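Right, one structure below, let's go through it.
The values are calculated or read from the model by the stated rules, or taken from the named source; none is laboratory data. Nothing here was measured: the structure is a model prediction, and the numbers come from that model. No Cβ is skipped: glycine too gets one built from the backbone with ideal geometry, and neighbour counts run over all protein chains shown. All accessible areas refer to the heavy atoms of the entire protein, side chains included, with ligands and DNA or RNA removed. Shrake-Rupley method; radii C 1.70, N 1.55, O 1.52, S 1.80 Å.
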Amino acid sequence: MSEDSSFIKWPYPILYEQEDVVSSEVLVLGGGIAGCWAAISAARQGASVVLVDKGCVIRSGCGGPGCDHWAWSGDNPASTLDPDQMSHDLMEARSNWTNGITSYINCASGYETLLELEQMGGKIRDTEDEFKGAPFRDESTKMMYAYDYENCTIQRVWGHSFKPALLEELKRLGVKIYERCQATSLLTENGKPGTRVIGATGLNVQTGQFVIFKAKATVMAMAMPTRNWVFSSEHRGVSSFKPIVNSGNGHAMAWRAGATLTNMERSMALLLDGANTYPAYGDGNNNNTWHPCNMVDADGKEIPWVDRDGKEIPDVESRSLPSRLGQEMFLFVPGLGGKSAYESKPPMLLPDIQERVLKGEYKLPLYADLTTMPDDERRVIWGVMVGNESKTKTPILKVYSDAGFDPEQDLLQSYYMLGGSSMMREPGNIRERMIFSGGGGVVVDWNLMTTVDGLFAAGEQIFSTNGHASAATTGRHVGKRMVEYAADVNQAELEREQIEEEKKRIYAPIHRENGVDWKEFNMGSCRIMQNYCSEHKTESLMQMGIDVLDEYEREELPNLFADNPHKLGRTVDVMDIITVNRLILNACMMRKASSAYLNFDRLDYPQKDPPEWHKWLTLKQKNGVIERGELPIDYWGSLKENYEAHSAGKRG
Amino acid sequence: MRLTAQESGVNDMSKYDKQVYAKPNQVTPARPAIFNEDLCTGCNACMAACQADVFIPNPVEGKPPIILFPDECYYDGCCVEECPVEGAIRLNHPLMQKVRWKRKATGETFRVK
Ligand SMILES: Cc1cc2nc3c(=O)[nH]c(=O)nc-3n(C[C@H](O)[C@H](O)[C@H](O)COP(=O)(O)OP(=O)(O)OC[C@H]3O[C@@H](n4cnc5c(N)ncnc54)[C@H](O)[C@@H]3O)c2cc1C
Ligand code: SF4
Ligand code: SF4
């Protein structure tokens, strides 16, 4: 192949195994939302900061292309709930199956973080008065709210502007940025897992160079794993909700370094992703970005909305207000199941629409109908929300408009036939699952330090933490805590043997001429999860999964090959994906009870949520063996007191 | 039996003169972005904003980047947004994901192009 003139020479110099050594006080792995905020907040404290990103900081990660909802800013002046009440309600709505620490940080500092973002150049209010007088706009601040217009817990923002603003600030502060560099492992004192983290290694995915990062404090911000149950490059693209860069490297390297992870058993049926889906936020629906859009059937018959009691809601505006029958507020929380579910239940499209379609009451296909929406609602959905929601500015707003879509005249088809909503898909292949909101990750304390000294985490890297504002606020919080930590520790010497081992591990695929490529390996490891760790779980089925996984690691992983630095990076990714799959399988085997909130069904332990299992199950690696443990569901103690003791106000 | 060109209904074989190569199938979807070569200056700004590393620079200076890994595209359109030349690059949703809509007044249907 190499002599074939139809192939272009690799455009970058090949620097496989060549070392570059970089030192800083603070090292940030991942240049997404959490990573950028962590780097900015550390640099503002005067620390020297290095930021490493696998892609390009300007747009990489889930939040790179945008954000339309800034959620749970309990400190925003219009919110009727204070941070305490808000975090309490959110935790209760999720039966406490959420991360109290990161949830509280979000509720208590969401708004002050947003104001900082505005100073950097992010657009957070309707400065042009385009929505003057709209029911979702606060006239004095020009801020705009979503979902519950009375309680103002979620803000509408122009998040397409955020990532470029963060990048400018990073540059202004002199943060050293290493792009197209994939962090592959953590370096530890004495080279042993579980000891203090003193740096990391990286692979440049354009040149193949090996970069050694030395630091006093390291933060992981590499988001949630993806591609564990489902991967199809042929169908990827628009239908993949999460970007390819987020492949669980952080989870795998934390595991290898001896950090404790939890909640890895939580996954959910595939949503917004997979082979047969449509562009995210780009088909007719009434959810999320499109709330509270009218939906009609093929004959134009409108589908009603109902309140929490199933009573029809008479007008559009009331879809964004608590029920008139005594409801104080509603929350928009996926996976509601807690005791306050009824109290905070949002208005919704007819919940039994599927049955009614089957009975012939509504004719397929269904459509989203912006034409009959009030003018300001139509313009805010098609223009602000679709436009700033991640992955919508060009893919939906521009491409559809260029092809002639006119929200004043046209009905957008829904492809989720019976549900009419991409957020409530009719069941497809039940074996296809994903880690999503509330998924597993590393355990942290109030400084957002993991269980390993010197290793911190922010954003979706932390268990049960997700959302743009949550990533921003935790990044902002951790940056300061890392600088405090770094002031008290020395720069340790690196262990040569650990570096050599890592080079051997990651460069092995370039020394093979052929074998299994990363895509096939990814699909193969997904099948392990589909067959042995999907909707229906049993002890023996999952043990079979572990056995197959062991076999693949023994027999197939050593056949992985890569013939350029880009493919080498993707190959290292799939090696991490199978590691994460091992964590998931082990976590699932540990939980010997089913759980509604965790979407966790064990055929051999069918009882749902018995109280003795209401706790976090943890796992970590010690001397190559998996050490299992547990934490109380509220291991963080008093939220308010701890937040105050560890937040910027008290300590810097 | 061998048919002459005329008998087999093909009069002019010269139109098949083009060399035929043994090429593998291409990956699908293969064209996440479409360049307008007349407008593109080859500045590679689109490439720099691509988190998935879909492009590599063209060895011919001034030409649009090469789409090397179309199967990894996230379809976020960030390449298009970063391009300084209006119309030099456009995002092209795969055929199986081109969504349709209906004009309410006429019932006519349209789709993403
Ligand atoms: C389409 C979409 C729309 C969304 N809309 C909203 C919204 O409107 N509101 C909201 O609250 N939330 C939204 N979310 C969720 C929100 O974007 C995420 O929760 C948030 O971006 C998480 O931040 P993060 O920093 O943890 O991860 P990300 O922002 O995803 O960043 C992870 C970063 O890590 C880097 N990385 C990964 N592996 C490595 C490695 N090995 N080495 C170096 N770097 C690495 C990646 O390149 C990336 O830059 C949306 C998500 C998606 C996918
Ligand atoms: S749409 Fe996004 S992922 Fe695809 S080529 Fe453009 S920048 Fe890259
Ligand atoms: S940014 Fe635009 S002009 Fe520059 S190379 Fe890309 S398509 Fe061409």
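Taking every residue in A:407-416 and counting other chain Cβ atoms within 10 Å of its Cβ, the average works out to 4.
Taking square-rooted eigenvalues a ≥ b ≥ c of the alpha carbon gyration tensor, is the range A:430-476 rounded, prolate or oblate, where a/c under 1.5 means rounded and, failing that, a/b exceeding b/c means prolate? List each step's numbers first, then the result.
Details: a/c = 3.59, a/b = 1.63, b/c = 2.20.
Because a/c hits 1.5 or more and a/b fails to exceed b/c, the range A:430-476 counts as oblate.
Of the residues A:His88, A:His511, ranked by 1.4 Å probe accessible area with the largest first, the sequence reads A:His511, A:His88. Note on A:391-401: average number of Cβ atoms from other chains within 10 Å of each residue's Cβ is 5.
Give the shape of the range B:24-111 as rounded, prolate or oblate, defined through the alpha-carbon gyration tensor: a ≥ b ≥ c are the square roots of its eigenvalues, a/c under 1.5 means rounded, and otherwise the shape is prolate if a/b is larger than b/c and oblate if not. It comes out prolate by the Cα gyration axes. Distance between the pseudo-spin-label points of A:Glu234 and A:Asp601 (7 Å out from Cα toward the beta carbon): 2.8 nm. When the surface is traced with a 1.4 Å probe over the full set of protein chains, A:Ser6 keeps roughly 90 Å² accessible.
When every Cα-Cα distance of the range A:497-616 is counted in 10 angstrom steps from zero, the calculated P(r) takes the values 13, 36, 26, 16, 8, 0 percent. Rolling a 1.4 Å probe over the protein heavy atoms leaves A:Cys56 with an accessible area of roughly 0 Å².
Each Lys or Arg adds one and each Asp or Glu subtracts one; over the other residues with Cβ under 14 Å from the Cβ of A:Ile510, this totals +2.
Among A:58-68, A:277-287, A:303-313, sorting by the average number of other beta carbon atoms lying within 10 angstrom of each residue, highest first, gives A:58-68, A:277-287, A:303-313. Amide H contacts of A:Ser594 (H built 1.01 Å from N, in plane; Pro and chain starts excluded): A:Arg602, A:Gln607, A:Asp609 sit under 5 Å, all sequence-distant by 5 or more or on other chains.
Can you pull the mean other chain C-beta count within 10 Å for peptide B:87-95? Present the calculation step by step, with values, prior to reporting the outcome.
Values: counts 0, 0, 0, 4, 6, 1, 10, 7, 0.
What the average comes to for B:87-95 is 3.
Residues of the range A:549-571 that bury at least 30 Å² of accessible area once all protein chains are present, compared with their chain alone (1.4 Å probe, heavy atoms only, ligands and nucleic acids left out), are A:His566.
Total Å² of accessible surface buried at the A-B contact, 1.4 Å probe, nearest 100?
Numbers: alone 24900 and 9210 Å², together 29910 Å².
The A and B chains share an interface burying roughly 4200 Å².
For B:Ile89, the residues whose modelled amide H falls within less than 5 Å of its own, excluding neighbours fewer than 5 places apart on the same chain, are B:Asn36.
Under 1.5 on a/c is rounded, so check that first for the range A:123-280, then, if it is not, pick prolate when a/b is larger than b/c and oblate when it is not; a ≥ b ≥ c are the square roots of the alpha carbon gyration tensor eigenvalues. Prolate, because a/c is 1.5 or more and a/b exceeds b/c.
Would you mind working out the accessible area per residue for the range A:288-414, using a 1.4 Å probe, and quoting it in Å²? Before the final figure, lay out each step's value.
Working: 4990 Å² over 127 residues.
Solvent-accessible surface per residue comes out at 39 Å².
Nonpolar atom fraction for the range B:24-111, defined as the carbon and sulfur part of the 1.4 Å probe accessible area, stands at 52 percent. Where both bridge residues fall in chain A, DSSP classifies roughly 65% of the beta bridges as antiparallel. A simple count of charges around A:Val580, restricted to other residues whose Cβ falls under 12 Å of its Cβ and scoring Lys, Arg +1 and Asp, Glu -1, yields +1. Take A:Ser318: with every protein chain present and a 1.4 Å probe, its accessible area is about 10 Å². Computed over chain B, relative contact order equals 24 percent, with contacts defined as Cα pairs under 8 Å that lie 6+ residues apart.
Over chain A, what percent of the accessible surface lies on carbon and sulfur atoms, probe 1.4 Å? List each step's numbers first, then the result.
Details: 11090 of 22890 Å².
Accessible surface attributable to carbon and sulfur in chain A totals 48 percent.
Converting phi to 3J(HN,Hα) with the Karplus coefficients 6.51, -1.76 and 1.60 and the offset θ = phi - 60°, the range A:506-514 yields 7, 8, 3, x, 7, 8, 10, 7, 7 Hz in sequence order, with x at every glycine or proline. Applied to the range B:32-48, the Karplus parametrisation 6.51 cos²θ - 1.76 cosθ + 1.60 on θ = phi - 60° returns per-residue 3J(HN,Hα) values of x, 10, 10, 8, 9, 4, 6, 9, 5, 9, x, 6, 6, 5, 4, 4, 5 Hz, with x for Gly and Pro. In the P(r) worked out for the range A:288-414, what percent of Cα pairs fall beyond 25 Å? In whole percent, the share of Cα-Cα pairs in the range A:288-414 beyond 25 Å is 32.
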